[in-house]
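The values are calculated or read from the model by the stated rules, or taken from the named source; none is laboratory data. Not measured: the values here are computed from a predicted model. Virtual Cβ from ideal backbone geometry, glycine too; neighbours counted across all protein chains shown. Heavy atoms of the whole protein, side chains included, go into the accessibility calculation; ligands, DNA and RNA do not. Shrake-Rupley method; radii C 1.70, N 1.55, O 1.52, S 1.80 Å.
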Amino acid sequence: MYDLYIANKNYSSWSLRPWVLLKTLGIPFTEHLHYFSTPIGENVQFKAFSPSSLVPALHDQGLTIWDSLAIAEYVYQAHPAVWPADREARAFARSAAAEMHSGFSVLRTICTMTCGLRVKLHTISPALQRNIDRLDALFSEGLSRFGGPFLAGDTFTAVDAFYCPVAFRVQTYGLRLSPPAQAYIERLLALPAMQDWYAAALAETAREPEHEAEVTEAGVVLADYRAV
């Protein structure tokens, strides 16, 4: 059985990706949750299970696989359902997941993941709007090209897992998408695994000052549903 090391469910978008992938596909794993420390870049306690001191990290039979995309590719070797079976859909899915992995920096910086809050942004800059427009175009292309209801066809795969943190961001910050793209976001949010993650995120009482400051710098907190 895999051992998956993750951080705060309220904040850690990178941790969510492999967690929701394994959970949704019914791949057994043991979760190991470790909270962020401040400053974020010095999570020295993570060094015990991750050579980069970052999450997520997957342990399997003496191997350590770090980084969410590397984990998806590793698990795919034993579980082909991680990526679409169709060659064209698989190529699209891998491209879209890689784009999320290396792109959308403005969205990730301004709209930091914080599952339990609802935030009104001070402003949507042109750069942020370009990221939102690209998301909309990518979602619309995948859904129309492969027939949905997921991004590369009729089953949930790694590409959907990579956009699950975006679903929480859309919910938190009230980002506006076209109806087809918004419907896709709602499908992701309704997944049982996403509901489980969300409930656990709301139950967390740990607060990390840097993440909290990023939120208040970006906008006004309208609601906080997290446990006190």
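Quantify, in whole percent, the carbon and sulfur part of the accessible surface of segment 124-219 (1.4 Å probe; protein heavy atoms only).
Values: 2140 of 3870 Å².
Answer for segment 124-219: carbon and sulfur cover 55 percent of the accessible area.
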Seminar exercise, completed: Checked segment 1-106 against the a/c 1.5 cut and the a/b vs b/c comparison, axes a ≥ b ≥ c from its Cα gyration tensor; verdict oblate
Exercise. Just from its helices, what would the mean residue ellipticity at 222 nm be for the chain, if runs of 4 or more DSSP H residues each count -39500 (n - 2.57) and the sum is divided by every residue, rounded to the nearest 500 deg cm²/dmol?
Worked result: -15500 deg cm²/dmol
Exercise. Among L143, V82, A200, whose Cα lies farthest out toward the positive end of the dipole of the chain, if unit charges sit on the beta carbon of Lys, Arg (+1) and Asp, Glu (-1)?
Worked result: L143
Seminar exercise, completed: So for segment 123-198, using the alpha carbon gyration tensor with a ≥ b ≥ c as root eigenvalues (a/c under 1.5 gives rounded; past that, a/b versus b/c decides prolate or oblate), I'd call it oblate
Exercise. At a probe size of 1.4 Å, how large is the accessible area of S37, to the nearest 10 Å²?
Worked result: 30 Å²
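Nearest 5 percent is fine: what portion of the DSSP beta bridges confined to the chain is antiparallel? Kindly include the intermediate steps, with their values, before the conclusion.
On the way: 13 of 18 bridges.
The antiparallel proportion sits near 70 percent.
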For this session: Have a look at A218, A72, A91 and tell me which one the Gaussian network model of the chain (Cα, springs below 10 Å) gives the largest fluctuation.
Result: A91
Problem set entry | Extension gain from V44 to A98, taking 0.36 nm per residue of separation minus the Cα-Cα distance | 16.7 nm
Exercise. R0 = 30 Å: FRET efficiency of E210 with A70, Cβ-based, nearest 0.05?
Worked result: 0.75
Exercise. Which of the aspartates and glutamates could a cross-linker span from K120 if the Cα-Cα distance has to be under 15 Å and same-chain partners fewer than 8 positions apart are dropped?
Worked result: E212, E214, E217, D224
For this session: Could you work out how far apart the two model spin labels at R87 and R145 are, taking each label as a point 7 Å from the Cα in the direction of the beta carbon, and quote it in nm?
Result: 1.6 nm
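Using the Cβ atoms and a cut-off under 12 Å, what net charge is assigned to the surroundings of A218, where Lys and Arg are +1 and Asp and Glu are -1?
On the way: positive: R108, K120, R169; negative: E212, E214, E217.
Net local charge, A218 excluded: 0.
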For this session: Report, ordered by chain and residue number, the lysines lying within cross-link reach of K23, taken as a straight Cα distance under 20 Å and ignoring same-chain residues fewer than 8 apart.
Result: K9
Seminar exercise, completed: Shape call for the chain, from the Cα gyration tensor axes a ≥ b ≥ c (a/c under 1.5 means rounded, otherwise prolate when a/b beats b/c, else oblate), comes out oblate
